[in-house]
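The values are calculated or read from the model by the stated rules, or taken from the named source; none is laboratory data. Predicted, not measured: the structure shown is a model, and the values here were computed from it. Cβ placement follows ideal geometry from the backbone for every residue including glycine, while neighbour counts extend to all protein chains displayed.
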Amino acid sequence: MEKDELKEKIFAFMQKYKGKKKLKERDIMKGVSEEAGVTPDEVKKAMREMIDVGRLMYSYGGGASSVEIPSEEYLKEKGLL
Amino acid sequence: MKKHVTPLLDELEKGPWPSFVTEIKKAAKTSEMANDELGQVEYSFKTKKGYWKHGGIVGVLGYGAGVIGRYSDLPDMFPGVTFFHTVRLNQPSGWYYTTKALREIMTIWDKYGSGLTNMHGSTGDLVLLGTNTESLEPMFAEYSSRGWDLGGSGSALRTPSCCLGPSRCEWSNYDTMEACYNVTQEFQDELHRPAFNYKFKIKFAGCACDCVAASARADCSVIGTWKGPILIDQAAVKEHEKQGMNITAEIINMCPTQCMSYDGKELKIDNAECNRCMHCIAKMHKALKPSGERGATILLGSKAPIVVGSLLSWVVVPFIKMEAPFTEFKDLIRKIWEWWDENSKPRERIGELIEVKGMRPLLEAIGQPPVPQQVKEPRKDPFFFFKPEDFEKVFTKDKY
Amino acid sequence: MALPKRQTDIGPPHFKQFLPPVIQKNYGKWKGHDILTPGLMVHVAQSGDKIWTVRVASPRILATETIYEMCDLADKYCGGYIRFTSRNNVEFLVSDEKNVAPLQNDLKAKGYTMGGIGPRISNVVHTQGWVHCHGAATDASGLVKAMMDEFYDYFTTKELPNKVRLAVACCVNMCGAVHCSDIALVAVHTKVPPVDDERVGKICEIPTVIASCPTSAIRPNPAKKSITINEEKCMYCGNCFTVCPAIDIKSPEGDGVAIVVGGKVGSLRSNPKFSRLAAPFFYNDPPRWPKIVKAVKTILETYAKDARKHERVGEWIDRIGWESFFKKTGLEFTFQHIDDFTFMRDTMRTASTFKW
């Protein structure tokens with residue numbers, strides 16, 4: 001699978017859970033690799049690239065870290081919007 | 001700038017011990033943030049309650065650690081601390097600085113933050129206390145371009161720390177400073193991008209004196225030790241005695257294994273019975289020193305009381321060589337993480353997981369045999385698991 | 001001005017560039033040390049080289065202004081080298097003996113406190129408290145200041161049987177080695193937290209909240225999309241608040257401070273030990289918490305008088321027994337002292353061989 005296609009799958013996966021469940025890196029790696037038939041490591045690499053450009057972001061809440069779709073506020077602050 | 005009236009905090013500027021209130025006031029002379037921090041702390045002292053919220057912001061672009069989001073619950077009263085995030089800078093091993101480097105760090109902090117610091121935080125980082133969200137990216141550019149990176153936070157590897165080891169101490173059994181630096185560099189990804197189920201701390205202590213509290217405050221405690229006999233300088237023993245030490249009362253009688261004797265002429269140690277506790281060496285530091293093979297004991301699991309009680313670390317690997325590039329240690333850490341990652345629930349520390357699953361699966365996962373050095377005593381009740389392979393490998397009919 | 005280019009994953013700078021030349025030269029080749037005064041020690045290398053360390057107290061919270069001043073002193077007397085200890089002290093590293101006395105005089109003139117080395121009280125390990133923590137049940141810096149004003153002489157001059165490690169944690173999360181300190185304060189909650197049902201439903205994950213409770217006191221409340229707390233089971237640990245801010249356990253009336261004693265981390269003579277409960281509760285009484293300071297002072301002075309040389313607080317109590325500890329200190333023994341959490345079976349007495 002092309003990396004760009006995988007990134008879209010990751011983003012769709014994130015949207016599915018948005019506001020319902022806080023996802024950790026591992027949840028995303030596991031969930032998307034099963035859905036897309038790729039290795040968890042490939043998912044991790046693609047996800048990291050998305051985080052590096054602000055398409056996804058790390059967050060902290062409920063005593064643990066998670067990965068989320070960035071808020072507008074975050075994108076503005078990072079000069080990405 | 002609004003001047004806060006702070007009668008309760010002013011009281012804590014009296015007395016001889018250095019005052020944190022004086023420090024906040026110093027920063028408040030030029031920083032609106034520090035000024036409103038002073039106001040909010042006074043309000044807490046008056047009402048006996050804290051007014052901080054946390055969460056959200058966790059780092060600079062690409063990182064999920066190093067910044068702890070902090071917001072005032074009372075932004076209308078104290079607008080200067082509406083945002084008051086913590087930034088953790090990864091400290092150098094042993095907390096050594098040149099004044100040039102330290103000044104540079106502080107100058108950048110004055111530009112972007114409250115001017116308040118913790119030297120240092122509980123985990124070991126240089127903590128910068130209080131900045132707003134817009135400052136994070138430019139500040140990170142300034143620090144990282146000058147060679148300083150962020151430390152750990154959240155569900156990540158936390159900034160490793162170490163005692164000053166061989167840099168100024170005669171007892172260190174391995175190079176704690178280099179081990180800390182090298183291991184921190186190796187695991188930069190795990191430090192900056194939270195991928196674990198919860199936090200993981202590593203602390204490097206050079207000997208059983210444990211000046212970094214590794215045994216109590218690190219998921220992985222690396223405590224230096226040795227295998228050879230304790231070397232004795234009999235003339236120096238006499239010297240300690242001459243300086244007023246009661247060798248029988250202070251050394252012989254306090255030896256936990258009773259492996260020492262002294263007849264007024266010669267100090268003797270039955271090294272086979274010694275458990276290397278460091279008492280005699282620390283007290284008779286001129287006369288006694290360890291010798292022979294050096295390395296460390298690896299212990300796992302210590303943590304504070306949340307959730308079901310505090311833990312001290314448990315011996316897992318009785319002896320490991322700790323020499324650069326620390327390959328054996330790094331491989332061990334990777335195996336521990338893999339097992340923890342596969343088996344733990346959210347927010348479950350390694351010690352809690354071992355308690356739930358038992359020590360056997362962990363030892364099998366990291367390839368360590370069971371040895372008596374791992375336990376204080378064997379189990380007391382006759383309930384135990386058997387696996388089929390135990391009968392093939394251990395309890396064979398020719399032996400049992 | 002344009003910002004410099006950011007770098008990622010560079011880690012900390014290598015420590016070698018921050019070591020004084022005499023340390024670089026004698027790295028790993030130290031022979032021994034002598035404590036010359038409570039605030040001064042000298043380390044001697046196999047080569048015969050020496051380095052003097054002047055230890056100074058800090059309140060951990062430091063303004064940059066103070067750090068600049070420390071840097072000036074380190075420039076003047078230490079060739080521009082300075083370090084900090086694991087207990088928040090500052091150490092001035094002097095390579096030339098003739099700079100020691102002038103440095104000490106200058107520090108004294110500027111109001112710095114030297115001490116903390118050897119068998120005495122070193123600096124207090126502590127947490128953020130009301131200064132910066134979201135969950136604090138007390139203020140840590142305030143308690144430290146109040147205690148250390150009282151115990152100042154035990155840092156600067158007076159000797160004790162051994163080191164006494166003090167610590168303060170502003171809640172049971174204990175971001176410090178409180179659970180293994182000689183004498184420590186830990187802030188506790190004492191009231192079942194109120195549940196803001198509307199906010200719980202909005203901002204918290206119910207299963208996570210339920211799983212966070214160590215005593216299984218939390219049950220779902222489907223009607224309100226929230227949770228309920230069984231008041232008989234709740235031990236006020238606040239872990240639910242950590243995962244769900246809508247269960248705000250902080251309470252000006254209910255929050256206070258406990259004293260725990262007898263812990264240690266080193267293995268000298270005896271293995272590392274957990275601290276045990278000495279006093280379950282004092283009301284928050286800022287700015288100086290006088291009743292707590294008084295109780296700690298009683299424990300400290302009883303230990304100072306009663307312990308044998310080199311015994312840590314926990315080793316002294318192990319020798320005399322806890323019943324003697326309560327008798328000698330006059331601290332009241334209450335139901336809270338008897339463990340009814342997870343480790344009760346390890347803490348009850350199983351013989352009649354106690355002291356009256």
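Go over the candidates B:Glu328, B:Glu352 one by one and state the one that is over 29 Å from C:Pro207 (Cα atoms), assigned by TED's automatic domain parsing to the domain that holds B:Ala208, among the acidic types (Asp, Glu) and at pLDDT 95 or above. Steps first, answer last, please.
Numbers: B:Glu352 fails: over 29 Å from C:Pro207 (Cα atoms).
Just a single option satisfies the conditions, and that option is B:Glu328.
Do any residues in segment B:1-28 that are closer than 13 Å to C:Leu143 by Cα and facing chain C (nearest Cβ under 7 Å) have Cβ atoms under 7 Å from those of residues that are among the small types (Gly, Ala, Ser) and assigned to a helix (DSSP H, G or I), where the two are at least six apart or on different chains, and which pairs are they?
B:Leu12/C:Gly142; B:Phe20/C:Ser141
Each row is one residue, and each column tells you yes or no for (1) under 26 Å from the mean Cα position of the chain (by Cα); (2) farther than 23 Å from C:Glu65 by Cβ; (3) in the same structural domain as B:Leu129 (by TED's automatic domain parsing).
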position	(1), (2), (3)
B:Lys49	no, yes, yes
B:Ile57	yes, yes, yes
B:Val60	yes, yes, yes
B:Ala65	yes, yes, yes
B:Gly69	yes, yes, yes
B:Val81	no, no, yes
B:His85	yes, no, yes
B:Pro92	yes, no, yes
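Return the residues of segment C:15-33 that are in a strand (DSSP E or B) and out of contact with any helix residue (DSSP H, G or I) (no Cβ under 8 Å at 6 or more places or on another chain); say none if nothing qualifies.
Selection gives C:Lys31, C:Gly32, C:His33.
Inside segment B:270-323, can you point out the residues that are closer than 21 Å to C:Lys273 by Cβ, in the same structural domain as B:Ile354 (by TED's automatic domain parsing) and of a type in the set (A, V, I, L, M)?
Within segment B:270-323, B:Ile298, B:Leu299, B:Leu300, B:Ala304, B:Ile306, B:Val308, B:Leu311, B:Leu312, B:Val315, B:Val316 meet the criteria.
Quick test for you: out of A:Ile10, A:Ile28, pick the one residue that is of a type outside the set (S, T, N, Q), in a helix (DSSP H, G or I) and under 20 Å from A:Gly62 (Cα atoms).
Exactly one residue qualifies, and that residue is A:Ile28.
So in segment C:122-141, with the set limited to residues that are more than 7 Å from chain B (Cβ to nearest Cβ) and touching a residue at least 60 places away in the same chain (Cβ under 8 Å), which one is surrounded by the fewest Cβ atoms within 10 Å (Cβ to Cβ)?
C:Gly135
Considering only residues that are closer than 18 Å to B:Lys100 by Cα and more than 7 Å from chain B (Cβ to nearest Cβ), which ones fall in segment C:1-16?
Matches in segment C:1-16: C:Lys16 only.
Please state which one of B:Cys207, B:Cys274 is more than 10 Å from every other protein chain (Cβ to nearest Cβ) and either within 30 Å of B:Gln368 (Cβ to Cβ) or touching a helix residue (DSSP H, G or I) at 6+ places or on another chain (Cβ under 9 Å) (or both).
Step by step, each of B:Cys207, B:Cys274 is checked, and only B:Cys274 is more than 10 Å from every other protein chain (Cβ to nearest Cβ) and either within 30 Å of B:Gln368 (Cβ to Cβ) or touching a helix residue (DSSP H, G or I) at 6+ places or on another chain (Cβ under 9 Å) (or both).
Would you please name the residue that is nearest to A:Gly63 (Cα to Cα), looking only at residues in segment C:209-223 that are out of contact with any strand residue (DSSP E or B) (no Cβ under 9 Å at 6 or more places or on another chain) and away from chain B (no Cβ under 12 Å)?
My answer is C:Pro222.
Please note which strands (runs of 3 or more DSSP E) are completely contained in segment B:209-324 and include at least 1 residues that are under 30 Å from C:Pro214 (Cα atoms), among the small types (Gly, Ala, Ser) and within 28 Å of the chain's Cα centre (by Cα).
Where strands (runs of 3 or more DSSP E) fall fully within segment B:209-324 and carry at least 1 residues being under 30 Å from C:Pro214 (Cα atoms), among the small types (Gly, Ala, Ser) and within 28 Å of the chain's Cα centre (by Cα), they are B:220-226.
With C:Thr215, C:Thr208, C:Thr156, C:Thr190 as the choices, which residue is surrounded by fewer than 24 Cβ atoms within 10 Å (Cβ to Cβ), of a type in the set (Ser, Thr, Tyr) and farther than 27 Å from B:Arg217 by Cβ?
C:Thr156
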